[in-house]
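The values are calculated or read from the model by the stated rules, or taken from the named source; none is laboratory data. Because the structure is a prediction, the values reported are computed rather than measured. For neighbour counting, all protein chains shown are included, and Cβ atoms are generated from backbone atoms with ideal geometry for every residue, glycine included. For accessibility, only protein heavy atoms count, side chains too; no ligands or nucleic acids. Shrake-Rupley method; radii C 1.70, N 1.55, O 1.52, S 1.80 Å.
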Amino acid sequence: MSSQNIFILGIESSCDDTAASVIHNGKILSNVVANQKIHEAYGGVVPELASRAHQQNIVPVVHQALVQANITKDQLNAIAFTRGPGLMGSLLVGTSFAKSLAYGLGIPLIDVNHMQAHILAHFIDEEGFNKPPFPFLAMTISGGHTQIVNVKHHFDMEVIGETIDDAVGEAYDKSGKILGLGYPAGPEIDKRAQLGNPKAFQFTKPKVDGLNFSFSGLKTGILYFVQREVKANPNFIKENLNDICASIQYTIVSILIDKIKKASQQTGIKHIAIGGGVSANSGIRKSLKDGEQKFGWTTYVPKFEFTTDNAAMIAIVGYLKFLEGDFAKQDVMASARLKI
């Protein structure tokens, strides 16, 4: 078959977003995401509710993706789906659906590692966005993950640093909860940080060996700091909210940048790519751009809609695997703790 006419359907269901996307020869034709608002009331994702919502959303979302791409299911060449890591109940919905659809259509099934997909989202054909050359360093930062990966080729990746406890997105959300902000708190902290003084309050950066991260101590430090200040002045949060947000953001961003700087020095790699929901953060983007001047980096940030959990990134991995003839068998199982 000529590589000129390949349609892949990508399905993503690792957490609380049900998503489907159609890719045609590396170009995204549709990228549909159904968000689950139900979790906001709980201040975090409730796994049981998430898997139920996926069951309701998956058929309409896949239908919508095909409609927007203006193709029928009979034109599909393969089905790609998120095998893991993620919430088991959520993964099972996407996995079962993808297996059934591929079987029913008599076309290949392609299993995708969610973490690889965040990195390979950079290879979607998108005007105005450059693809990083190999080797490059990828920093994946999201609600569930914080990793630095040495990417030697599409499917030759080595994790060289990761969080030993909480993910960076979690640090944002928990800090937001302490300050009485809504969930998810990252965007709100980012917005307020731009109005505050980043040096107003100092938080201790955790000391972690090598290229690994830790955010749990920082979270505790922020909690104790806020409790102490509120005891002395009940209006402390209200009067200093922008400065507190700016100081938290400054600390988190500098932890991330310190590690990526260290990784670049150790590997000699100057191409830095970021992905994952937290890569939308303005502080991180600005610091990476500054790194281009300071350290001679070239930085790559994917289009915003490809940074959070989405199916376009699953579809591009499906396309790249399709070209290599790397297919899954029908007995493939979802895996909550899948490693790169």
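Restricting to region 313-333, what's the tally of residues that are more than 16 Å from L101 (Cα to Cα) and not in a helix (DSSP H, G or I)?
3
Filter region 200-254 down to the residues that are of a type in the set (D, E, K, R) and closer than 25 Å to I160 by Cβ, then identify the one that is surrounded by the most Cβ atoms within 10 Å (Cβ to Cβ).
Of region 200-254, the ones of a type in the set (D, E, K, R) are 205, 207, 209, 219, 228-229, 231, 238-239, 243.
From what's left, closer than 25 Å to I160 by Cβ: 205, 207, 209, 219.
Values: K205: 15, K207: 7, D209: 7, K219: 23.
Ranking the qualifying residues of region 200-254, first place goes to K219.
Return only the number of the condition from (1) in contact with a helix residue (DSSP H, G or I) (Cβ under 8 Å, 6 or more places away or on another chain); (2) modelled with pLDDT of 95 or more; (3) of a type in the set (S, T, N, Q) that T204 does not satisfy.
Every condition holds for T204 apart from (2).
For V208, work out the one condition from (1) touching a Cys at 6+ places or on another chain (Cβ under 9 Å); (2) β-branched (V, I, T); (3) assigned to a loop (DSSP other than H, G, I, E, B) it doesn't fulfil.
The number of the failed condition is (1).
Any idea which residue in region 65-103 is nearest to T18 (Cα to Cα), counting only those that are in a helix (DSSP H, G or I) and of a type in the set (K, R)?
So the residue we want is K99.
List pairs: first in region 309-336 and farther than 21 Å from T140 by Cα, second hydroxyl-bearing (S, T, Y), Cβ under 6 Å, 6+ apart or cross-chain?
Note: pairs meeting the criteria are A334/T95.
The rows are residues; the columns are (1) under 26 Å from L91 (Cα atoms); (2) β-branched (V, I, T); (3) open to solvent by 60 Å² or more (accessible area, probe 1.4 Å).
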site	(1), (2), (3)
H122	yes, no, no
E127	no, no, yes
L137	no, no, no
I148	yes, yes, no
G161	yes, no, no
Q194	no, no, yes
